[in-house]
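Accompanying notes for the structure given below.
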DNA sequence: CTCAATAGTCGAACGCGTTCGACTATTGAG
DNA sequence: CTCAATAGTCGAACGCGTTCGACTATTGAG
């Protein structure tokens, strides 16, 4: 293994000089800098991460804490993970995975051992056992999603209330007077998942504001449950002409059930989904949708965490604005 | 921050004794051990990861190298990532993410800086630029999937040839005499992705062996492409009565196109998918399927890598056997 | 031209674990 | 009972970077 001493010898300078070239913490003459950089390249030198972390008190690693529960929508999750890893690299940091089932102890472990400089916590719930732990850690963190009590924390998320509201506005603009929200499985609401609640709140508030009638129903993801739910919905509320679906996994079934009931999309029923664009595009007809901007969220979360590491002040709460894309499921 | 010296002082022993209690590398009297462990708990001591890595030459971190290209199936990927992270924890290791776009340089960086003890490389292609790099690294690695030249490497994967073959056998057992493989997008075959080729080879070989006619076609994932492909297939080969679909993203569209063409599943056309169970269950009718055992693959890959770290001999090639689950799409 | 400030470089100390050799006390074989 | 082997513990050295203080050479202000 090549050490900084080898590089120093090769370049004819002191080890500390090599360090200053690499970290840029003191000015170095351009001649020396060039010589050292050539030696680094020639010897294939990579600083020992452990030694660096020990000496500098910086690991250049961020923890990415994955969601607690199953039933998360995998594609969005994965997009997010990749976005975070890439954004971190652009800031010269790596990403260490901490999975759900390690719980709060996992956070204490990676922070306590100085394995990471900061933490990114995904899919935070309203009453999340990890939130108080984050507060007591000596390392900065950024939450994706936000808990009931966000005091002293930095949170970032899609503005789901605005997403729900935007969907209703779009339908109201098209002349619909009775709209329904086909939501996440009941369990998601029961465990107080913030984003599901916020979508619903935005949806209902916009319906009030626009003077359109509205109803909401939680929906499981298996085909039979969706069939029962949608059939029941249209029986109880026969004049509903617009659906907002905030349940990625149930989406294909919703479309299929409408067809089997003889309801044409968009002529009889207009449909808007809150889901990734590629999924909306793949269905028949392609669905008007509001996308969860996983990549943008990931980048933003990393940027906030890096700012906190630099002790730059950061806003406690960032809400990304949703983007609605019109497709065939709402325009006749 | 609490150090080993603090713990030693608190327990009234030498730092080295604390180290021996924690690592178990020398025998310690149970009285001393208990006292040290109590001090560790009381002080909330976590060994500094960098110092440990520097002193012991072991980071207790594995690199997980994500796939090179887009178009991977996200849910399976994510399942795999989580399975790897959990399995690694059970062996007292953490997982560092290395994304595709870092390429071979990323592997050199994390290995060269001693940030990781070993590497897990996902979705290896037949001619993968990362393979020669893995060979020259001084750290062990395990590949998921396998390249054309696997000499000196350890690989693990689902036996996709057997998966393709199992599907044909199932259809042949049910009396089908003409079967088609609806495969991945053409691009996947063009870039020599091993698993797609192997499924096709197993499919074709089994058809020969069983004396059933067969055809294969690559398929893009958007609805329109699937419609064109399936319609064309059934026009050119009107007596095809069994489809094997190895393309998760196209699956909903395949089912939908068959319906729109008036072909009943399973009465007119039987369908078997190679896809995760939950997806097969969610479609209508639920599909007979061969699952990609992401979790099992993840565990196995980690177990192999840990064995290599312990210098235990490991088989160069491990193929996990596929499991076929019968559902409504093949039984009348 | 003088003196303070800055640029550039070095050497030593330090960060926090693990490991090695040495030592004492205990155990067990004969 | 003796002596070798083992169990248990300690202290020092070590791993490899970064950072601090010190020093020299150079620059720039007046």
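The values are calculated or read from the model by the stated rules, or taken from the named source; none is laboratory data. Since the structure is predicted, the reported quantities are computational estimates derived from the model, not experimental observations. Don't worry about glycine lacking a Cβ; one is built from the backbone with ideal geometry, like all the others, and counts go over all protein chains shown.
Some points to look at:
- Conditions (1) within 21 Å of residue A:103 (Cβ to Cβ); (2) surrounded by fewer than 21 Cβ atoms within 10 Å (Cβ to Cβ); (3) within 16 Å of DNA strand C (Cβ to nearest atom): number failed by residue B:86: (3)
- With respect to (1) within 9 Å of DNA strand C (Cβ to nearest atom); (2) crowded, with 19+ Cβ neighbours inside 10 Å; (3) modelled with pLDDT under 95, the lone exception for residue A:68 is condition (1).
- Failed criterion for residue A:30 (all others in (1) out of contact with any helix residue (DSSP H, G or I) (no Cβ under 8 Å at 6 or more places or on another chain); (2) touching a residue at least 24 places away in the same chain (Cβ under 8 Å) hold): (2)
- Pick from the range B:1-13, criterion surrounded by 13 or more Cβ atoms within 10 Å (Cβ to Cβ) and away from every other protein chain (no Cβ under 14 Å), ranking: nearest to DNA strand C (Cβ to nearest atom): B:8
- Hey, residue A:158 modelled with pLDDT under 95, within 30 Å of residue A:208 (Cβ to Cβ) and away from every other protein chain (no Cβ under 14 Å) or not: yes
- Hits in the range A:117-143 (condition: buried (at least 21 other Cβ atoms within 10 Å of the Cβ), farther than 20 Å from residue A:77 by Cα and within 14 Å of another protein chain (Cβ to nearest Cβ)): A:117
- When we screen B:66, B:43 for residues that are in contact with a helix residue (DSSP H, G or I) (Cβ under 8 Å, 6 or more places away or on another chain) and within 30 Å of residue B:303 (Cβ to Cβ), the only hit is B:66.
- Any hit, the range A:160-169, residues being under 18 Å from the mean Cα position of the chain (by Cα) and on the phi > 0 side of the Ramachandran plot: no
- Evaluation of residue B:114 against (1) more than 12 Å from chain A (Cβ to nearest Cβ); (2) over 19 Å from the mean Cα position of the chain (by Cα) (one fails), failing number: (1)
- Restricted to the range A:1-86, the set of helices (runs of 4 or more DSSP H) holding at least 1 residues that are within 10 Å of DNA strand D (Cβ to nearest atom) comprises A:4-11, A:15-23, A:49-56.
- Residue in the range A:256-264 that is within 25 Å of the chain's Cα centre (by Cα), in a helix (DSSP H, G or I), closer than 20 Å to residue B:250 by Cα and free of Cβ contacts under 8 Å to residues at least 24 places away in the same chain present: no
- Residue satisfying all of: in the range A:270-286; at pLDDT below 95 and closer than 10 Å to residue A:329 by Cβ; surrounded by the most Cβ atoms within 10 Å (Cβ to Cβ) among these: A:283
- Residue B:198 vs. criteria assigned to a helix (DSSP H, G or I) and surrounded by fewer than 16 Cβ atoms within 10 Å (Cβ to Cβ): no
- Candidates B:146, B:80, filtered to the one that is within 14 Å of chain A (Cβ to nearest Cβ) and touching a residue at least 60 places away in the same chain (Cβ under 8 Å): B:80
- Under the condition of being surrounded by fewer than 18 Cβ atoms within 10 Å (Cβ to Cβ), within 12 Å of chain A (Cβ to nearest Cβ) and within 11 Å of DNA strand C (Cβ to nearest atom), the residues counted in the range B:26-45 number 1.
- Boolean, residue A:100 is more than 13 Å from DNA strand D (Cβ to nearest atom), within 14 Å of another protein chain (Cβ to nearest Cβ) and either over 21 Å from residue B:64 (Cα atoms) or surrounded by fewer than 21 Cβ atoms within 10 Å (Cβ to Cβ) (or both): yes
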